[in-house]
1. Regarding LEU101, is this residue out of contact with any Lys or Arg (no Cβ under 6 Å at 6 or more places or on another chain), outside the structural domain of CYS125 (by TED's automatic domain parsing) and at pLDDT 85 or above?
2. Which one of these does GLU169 not meet: (1) touching an Asp or Glu at 6+ places or on another chain (Cβ under 7 Å); (2) among the charged types (D, E, K, R); (3) more than 23 Å from GLN47 (Cβ to Cβ)?
3. Output the number of residues of region 171-193 satisfying the condition of being hydrophobic (A, V, I, L, M, F, W, C) and under 18 Å from the mean Cα position of the chain (by Cα).
4. Out of ILE237, ILE230, ILE197, report the one residue that is β-branched (Val, Ile, Thr) and more than 25 Å from HIS167 (Cα to Cα).
5. Looking at region 161-168, is at least one residue among the basic types (Lys, Arg), out of contact with any helix residue (DSSP H, G or I) (no Cβ under 8 Å at 6 or more places or on another chain), modelled with pLDDT under 95 and surrounded by fewer than 19 Cβ atoms within 10 Å (Cβ to Cβ)?
Amino acid sequence: MDTAIHYRGQTVGAAEVAFIRQLITDHPTASRRQLSTLLCQAWNWVQPNGVLKTMVCRSLMLQLHRAGLIILPPQRQHPANPLAQRHRPSAAALPLSWAPLPPTLAALGPIELRQVRRTTEEPLCEGLLAQYHYLAYTQPVGEHLKYLAWARGTPVACLAWSSAPRHLEPRDQFIGWTAAQRRRRLHLLAYNTRYLILPWARVPHLASHLLARMARVLSADWQRLYAHPIYWLETFIDPARFASTCYRAANWIDLGVTTGRGKDDQTNRSHLPLKELWGYPLVPDFRHHLCGPHG
């Protein structure tokens, strides 16, 4: 093996390939799943919350197997791929109309913002997004949270957050981190994938109010579910559809526009609509957490 492979933060050269070969030899009855667990334990290859990166490890081993660098045992099971076979959520079963809401934020009364990931309200959030958001809804891969905002017994907004895109030049330049720092600390960012003010809740200033509320609770909620905090929020805005008013009012930072090339581009040419990129630091010393000497 002449050159090293860099895979999800792990460098695999000749010595590492030899180690994997010996691991397979030492455990002749182990399945691919068991081998990936053993390799993760040997390399201490874990997620920020301490969970072994067994799925990533299996993908690496399969890549090495297909390249002829190792020989994996025959695959014992062929489980269905939940990502390939998942179904879109059905439209939420809602009344034909809700009771009219007052026209001002002050008159609306208390607003409850509830994290609904892994709760009985998660299907309602997904259904509302599927029915009313112009992009509909798709299930995120990786770490993610979902929120419903309620007022007067009525859902008024849905918000979805997920792991951040790997590389965004305006964001990376603003934070000032190196490529190595980005690889290690990208999990400390959250991306606002969906934001929906429901059509019966057109209340001035509601959208920016909820963004400010989110900034106060998201990191702690992420810590509870994924065992690490969040220091930075970001989102894309389509300027052909929206004026970014609520993000600007909530003191988010306009970081510029995307290149329009997409994450898998190989041509260096713009072929996607340009989007505005907005960011929001959750703590004043966010650069210390994202670029500092720790971690």
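The values are calculated or read from the model by the stated rules, or taken from the named source; none is laboratory data. On a predicted model such as this, the values are computed, not experimentally measured, just so you know. Virtual Cβ from ideal backbone geometry, glycine too; neighbours counted across all protein chains shown.
1. Criteria not met by LEU101.
2. It is condition (1) that GLU169 fails.
3. At the first step, the residues of region 171-193 found to be hydrophobic (A, V, I, L, M, F, W, C) are 174-175, 177, 179-180, 186, 188-190.
Remaining after also requiring under 18 Å from the mean Cα position of the chain (by Cα): 186, 188-190.
Number of matching residues: 4.
4. Details: ILE237 fails: more than 25 Å from HIS167 (Cα to Cα); ILE230 fails: more than 25 Å from HIS167 (Cα to Cα).
Going through ILE237, ILE230, ILE197 in turn, the sole match is ILE197.
5. No - not one qualifying residue is present in region 161-168.
Yes or no, residue by residue, for (1) charged (D, E, K, R); (2) surrounded by 10 or more Cβ atoms within 10 Å (Cβ to Cβ); (3) at pLDDT 85 or above; (4) not assigned by TED's automatic domain parsing to the domain that holds ALA18:
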residue	(1), (2), (3), (4)
GLN41	no, yes, yes, no
ASN44	no, no, yes, no
VAL51	no, yes, no, no
THR54	no, yes, yes, no
ARG58	yes, yes, yes, no
LEU72	no, yes, yes, yes
PRO79	no, no, no, yes
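The rows are residues; the columns are (1) within 16 Å of TRP150 (Cβ to Cβ); (2) surrounded by 15 or more Cβ atoms within 10 Å (Cβ to Cβ).
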{"residue": "PRO102", "(1), (2)": "yes, no"}
{"residue": "ALA106", "(1), (2)": "no, no"}
{"residue": "GLY109", "(1), (2)": "yes, no"}
{"residue": "LEU113", "(1), (2)": "yes, yes"}
{"residue": "ARG118", "(1), (2)": "no, no"}
{"residue": "GLU121", "(1), (2)": "yes, yes"}
{"residue": "GLY127", "(1), (2)": "yes, yes"}
{"residue": "TYR132", "(1), (2)": "yes, yes"}
{"residue": "TYR137", "(1), (2)": "no, yes"}
